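Below: one structure, written as structure tokens.
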Ligand code: NAD
């Protein structure tokens, strides 16, 4: 099998001034893509801006012979998102790949969380993913081609103490990914999400020495690059990537318990049966769930 090339493709990677995004930008550029390196350049909590992070990664890419330009706008601004997509199209003529990766943390136990700590995290992760994708979408539809890779997290998929703002945003991104996969299907646009695990400034303080060694961000980048490649057939999927392992998260539905004259006592008495994961299905769309339900009803 031949190596996977991104020759001639144009990619916008948000939050690519460091951590995972930088690895994505470096890998795509090394395989021939023109890359718009976006990064606002603030700290891990989303405070501040500037600092030249995006430009530094652009220089790294160019020093390796690649093609890249910097963008320092915020994904949390609808106009800023428009400008970064416009920059890709004006500089390189098109946008084939969007990797929504920018992110911040404002962890706090829910009972102590302020309105601004809720809003700013939802703004960067969830609204940011909406905004940049919303501006890239018409270009991808017109070209009948696109690859969007969003960023989720096990903090939302599973739940993690102190991350209600972040977890909710990351699970919202899964819903957006599922719906856009359906809306993009007829136009050749694939939309997937990655749930990464990597040693970055976001995680380094909570990792054991062994995990810190295993979780090289460069071991996530090949998974994201595969999801961004034209030959990857997946859409609407959530892929776990970390330490070199590639796996799939999915939403499963148990066969459950059905009674035409359901009472609260019957729910109690059949609770374990309802929740038993044996024989679960992974519905592709709501019609598949409805078909199963009607089969059980009759
Ligand atoms: P990171 O802090 O190194 O990278 C995030 C980047 O986003 C930073 O460079 C930051 O400047 C940029 N950014 C923040 N707000 C922005 C904005 N409004 N506009 C543009 N850029 C902005 O952390 P990372 O670990 O590389 O995180 C990358 C993504 O992966 C995030 O979405 C994060 O939530 C997600 N994630 C990471 C892990 C992990 O284990 N590292 C786990 C799950 C999810």
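Just so you know, all these numbers are worked out from the coordinates, no wet-lab data involved. If you're wondering where the values come from, they're calculated on a predicted model, not measured in any experiment. Every residue, glycine as well, gets a Cβ built from its backbone with ideal geometry; the counts of neighbours run over all protein chains shown.
Points to keep in mind about this one:
- Packing, as the average of other Cβ atoms within 10 Å across residues, places the peptides 189-196, 232-239, 3-10 in the order 189-196, 232-239, 3-10, highest first.
- Helix axis angle, 78-92 relative to the chain longest principal axis, alpha carbon, degrees: 50
- The simple Förster model, with R0 at 22 Å and r as the Cβ-Cβ distance, assigns residue 119 and residue 47 a FRET efficiency of 0.95.
- Three-way shape call for region 213-278 based on the alpha-carbon gyration tensor, with the a/c threshold at 1.5: prolate
- Put in order of Cβ neighbour count within 10 Å, fewest first, the listed residues 166, 24 become 166, 24.
- Angle of helix 53-63 to the longest C-alpha principal axis of the chain, folded into 0 to 90 degrees and rounded to 10: 60°.
- Cα gyration tensor category, rounded, prolate or oblate, for region 152-298 with a/c compared to 1.5: oblate
- Degrees, to the nearest 10: 19-30 long Cα axis against longest axis of the chain: 60
- Size estimate for the chain follows the Kirkwood approach: the inverse of mean 1/r over distinct Cα pairs works out to 20.2 Å.
- Shape class of region 157-238 from the Cα gyration tensor (axes a ≥ b ≥ c, square roots of the eigenvalues): oblate, since a/c reaches 1.5 or more and a/b does not exceed b/c.
- FRET efficiency, 1/(1 + (r/R0)^6) with R0 25 Å, evaluated for residue 272 and residue 294 via beta carbons: 0.55
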